[in-house]
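Beneath this line is the structure, given in structure tokens, with notes to follow.
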Amino acid sequence: MKEEIEEWKKLMLVHKFAMDEVNTKLHILNEEFQHIHQSNPIEHMKSRLKSQNGIVQKLERKGYTLTPENARRHVHDIAGIRITCSFTSDIYHVSRMIQQQRDLTVVQSKDYIQQAKPNGYQSLHLIVEVPVFLAASTEKTLVEIQLRTAAMDFWASLEHKLFYKFDREIPPALRSELKSAAETMKALDEKMEAIKKEMDFLKSGQVFT
């Protein structure tokens, strides 16, 4: 029993370290854009470590035995980072920068922007593997990174609240309203992207006049 407690403790600690590693890389990119470049694709960032209770619940839903090893193998969002961007194109720009980091390995990429989930959810998910250097070992650990626009993030936050308010069973009428709202958010992001392109075009034209 004591040994298993220690294993859970190490699991949580290693994922915290992995999250800190990725956060450091992202903060460096963020500060570089703030101080060197004229625009910054990152609006803000937020990170969280899933609780042990949350991990156990996810293992139960997946039908796995409740062990730290199964958590490591089958729960890929123990450490999570959310990046909010101004425009959809910024999401892919930041994603490319993350994938160019030499000591990060992208093990999974799910694009729910090009192909939204049935409920309307939109976001770009990356699962990255980062080496965590401990005193006696190196632990390759997974971190989930979600990239969204502000509109996508607002929608996801509302859906999340309703999901738990109704014990994971959102009434059909509300599900329909949420799906419609997601389509509206997508149209808004597309409109803002068109404005950005027009703005960039006008700025580039002014440079050469």
**Study point:** segment 87-117, residues that are free of Cβ contacts under 8 Å to residues at least 24 places away in the same chain, under 26 Å from His160 (Cα atoms) and among the charged types (D, E, K, R)
**Key:** Lys110, Asp111, Lys117
Exercise for review: Please identify the pairs in which a residue from segment 172-185 that is modelled with pLDDT under 95 has its Cβ atom under 8 Å from the Cβ atom of a residue that is among the acidic types (Asp, Glu) and in a helix (DSSP H, G or I), counting only partners at least 6 apart or on another chain.
Suggested key: Leu178/Glu159
Study note, to complete from the structure: Per the list (1) farther than 21 Å from Arg175 by Cα; (2) in contact (Cβ under 8 Å) with a residue 24 or more places away in the chain, residue check on Gly120 breaks on (1)
Check your understanding: Taking Lys50 and the conditions (1) touching a residue at least 40 places away in the same chain (Cβ under 8 Å); (2) farther than 18 Å from Cys85 by Cα; (3) charged (D, E, K, R), which numbered condition does it fall short on, given that it satisfies the others?
Key -> (1)
Check your understanding: Does Glu4 satisfy the criteria of being in contact (Cβ under 8 Å) with a residue 60 or more places away in the chain and exposed (fewer than 12 other Cβ atoms within 10 Å of the Cβ)?
Key -> yes
Exercise for review: Determine the pairs where a residue that is exposed (fewer than 12 other Cβ atoms within 10 Å of the Cβ), located within segment 27-47, has a partner that is part of a loop (DSSP other than H, G, I, E, B) and modelled with pLDDT under 95 with Cβ atoms under 6 Å apart, the partner being 6 or more residues away or on another chain.
Suggested key: Gln34/Asn40
Check your understanding: Considering Glu144, Glu159, which residue is part of a helix (DSSP H, G or I), acidic (Asp, Glu) and under 23 Å from the mean Cα position of the chain (by Cα)?
Key -> Glu159
Point to revise | Conditions (1) crowded, with 21+ Cβ neighbours inside 10 Å; (2) at pLDDT 95 or above; (3) under 15 Å from the mean Cα position of the chain (by Cα); (4) not charged (D, E, K, R): number failed by His125 | key: (1)
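The values are calculated or read from the model by the stated rules, or taken from the named source; none is laboratory data. Computed from a predicted model, the values in this text were never measured in an experiment. No Cβ is skipped: glycine too gets one built from the backbone with ideal geometry, and neighbour counts run over all protein chains shown.
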